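To start, the structure itself, in structure tokens.
The values are calculated or read from the model by the stated rules, or taken from the named source; none is laboratory data. None of these values were measured; they are calculated from a predicted model. Here the Cβ positions follow ideal geometry from the backbone for every residue, glycine too, while neighbour counts run over all protein chains shown. Ligands, DNA and RNA are excluded from the accessible area calculation, which covers all protein heavy atoms including side chains. Shrake-Rupley method; radii C 1.70, N 1.55, O 1.52, S 1.80 Å.
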Amino acid sequence: MPVLQRSRFTFGKPTFDPQKGVALLPYRLDDNESFTETISFGAPTTLDQLTRWKDAAGKPGFQQALRYLQIAAGTSYWKLCCPKEMVLEGAELTQEQAAVLTELYEQGMGEFFYKNKLNPAGLVNFPAGKSDFVVSSSSPLGMTVGPLVPIGGGKDSVVTTELLKAAGMSPTLFRVNEHPLIAACAIVADCPLRTVERRLDPLLFSLNASGGVLNGHVPATAIITGIAILTALLEGHSAVVLSAERSADEGNVEGVNHQWSKSLRWEELLHAYVKTFIHPELKVFSLLRPWSELMIAQEFCNHPEYFPVTTSCNGNWKIAAEANQPKWCGKCPKCAFSFLMFSAFADPIEVMDMFGANLLDREELLPLYRELLGVEGNKPFECVGTPEETKAAFLLILRKGDFANTAAMKMFASEVLPKITNADALTTTCMKASGEHIVPNEFLPALQ
């Protein structure tokens, strides 16, 4: 248990100032520690923009979106000591809202509970008062601008961007906080880039550094999506198009999924939540949901212009922000998995140039590859694919004849390949789109 003991967590009333373009998300632990998270959209630059923002901010759905974001972002503060009493100042939640947000906390923070040896049952208690709340469609904001695409500098959002461009849908890229690699991706994509600044309260970092509080994984995708939803409402984007693939549905250990806020379950819940409580015209979905990691990697490898500016490595994300620093650490699960996926389709020299090394020939990564293959330990707590996708990637590389004498390929050939009964069926399944998704009909042509 944490040293810091508090019994009540209060969500203060969130506010948005359209003239400054700033949202404030207040929180309190009992009557002791107070936090304010700041979301800055930048001040409006024209009178028309200010008028639109004032109009948007006055809608009940905007206030609902602001409250959703506050609750999703509140995971970072609530987890310090997990108080059982939760208080919302201002508008109440409906039973349906409380149920959805409880599931976000319980499942989206599953890894946090697992690693801190906490039982989430009964810990999350959102109060619900209203019987119902439905956003009226009689006064729409006019969602006429093209789709808004959150982009993090990795292969998935690059693929979403290129698919939408090819379909003539004119995406606007979206990022939370500046990073030179995302800026570089936007330049390669030749798309407008919208930046929103998120500033967590400094007290949060002080308490985390003290060691007297709990720490761990929060559902970051749910938070970033919340900021994107507010941006879409302010600026009239018709859709927030995410880039989660179908393998995000698979957990790591029983009952725990590192990627839960990227899962189809959460996507369906959020889609219904937005339609009912925020804006009936705004679409929020993942374009890549029908695709496997292999299908996404294949499409990404059709765009080698992104190779020098893309990384999915969380370990080197900050380091890569500095000039001429490596974009991949070459040691983590994301690096090992990404190298494998790209090697199934790209020229081996190009892949090694991207990573600065041949990761399939690193003996120290063999335990990681065994975990990714599902033959040892458990799936790493990272955004990586399924064991079937990993096996299929090895099979495709084997057929190409690349990296034949590397440590990982030898391990696969001796330990895993003899147990695969139908290699063709395995790779075919992994390279076939799934029908389980909520991609709107007008966006399906982008996947063709």
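At a glance:
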{"read-out": "Cα Rg over Rh - the chain, Kirkwood", "value": "0.97"}
{"read-out": "5 Å-binned pair-distance histogram of the range 242-306 (Cα, whole percent)", "value": "4, 17, 21, 18, 16, 12, 8, 3, 0"}
{"read-out": "Computed accessible area, Thr429, all protein chains, 1.4 angstrom probe, square angstrom", "value": "90 Å²"}
{"read-out": "Helix-only [θ]222 nm of the chain, DSSP H runs n ≥ 4, -39500 (n - 2.57) each, per residue, nearest 500", "value": "-11000 deg cm²/dmol"}
{"read-out": "Difference of contour (0.36 nm per residue) and Cα-Cα distance, Asn302 to Ala272", "value": "7.4 nm"}
{"read-out": "Solvent-accessible ranking of Glu37, Glu376, largest area first, probe 1.4 Å", "value": "Glu376, Glu37"}
{"read-out": "Anisotropy class of the range 49-107 from Cα gyration tensor, a/c 1.5 cut", "value": "prolate"}
{"read-out": "Nearest-10 value in Å² for the accessible area of Asp201, using the 1.4 Å probe", "value": "20 Å²"}
{"read-out": "The range 144-208: mean projected area of Cα convex hull, nm²", "value": "5.5 nm²"}
{"read-out": "Mean separation of Cα contacts under 8 Å (6+ apart) over length of the chain, as relative contact order %", "value": "15 percent"}
{"read-out": "Convex hull projection area averaged over all views, the range 166-257, Cα basis, nm²", "value": "9.0 nm²"}
{"read-out": "Eligible lysines near Lys400 by straight Cα distance, threshold 24 Å, same-chain separation 8 or greater", "value": "Lys155, Lys334, Lys391, Lys410, Lys419, Lys432"}
{"read-out": "Modelled FRET efficiency - R0 45 Å, Lys419 with Gln325, Cβ distances, 0.05 increments", "value": "0.65"}
{"read-out": "Solvent accessible area, Å² - Glu299, 1.4 Å probe, full protein context", "value": "40 Å²"}
{"read-out": "Carbon and sulfur %, accessible surface of the range 327-448 computed with the full protein complex present, 1.4 Å", "value": "49 percent"}
{"read-out": "Reciprocal mean inverse distance between Cα atoms of the range 319-409 - Kirkwood radius, Å", "value": "13.4 Å"}
{"read-out": "The chain - accessible surface per residue (Å², probe 1.4 Å)", "value": "40 Å²"}
{"read-out": "Within-11-Å neighbourhood charge of Glu415 [Cβ basis; K, R +1; D, E -1]", "value": "+2"}
{"read-out": "Whichever aspartates and glutamates have a C-alpha closer than 12 Å to that of Lys84, once near sequence neighbours (fewer than 8 apart) are set aside", "value": "Asp30"}
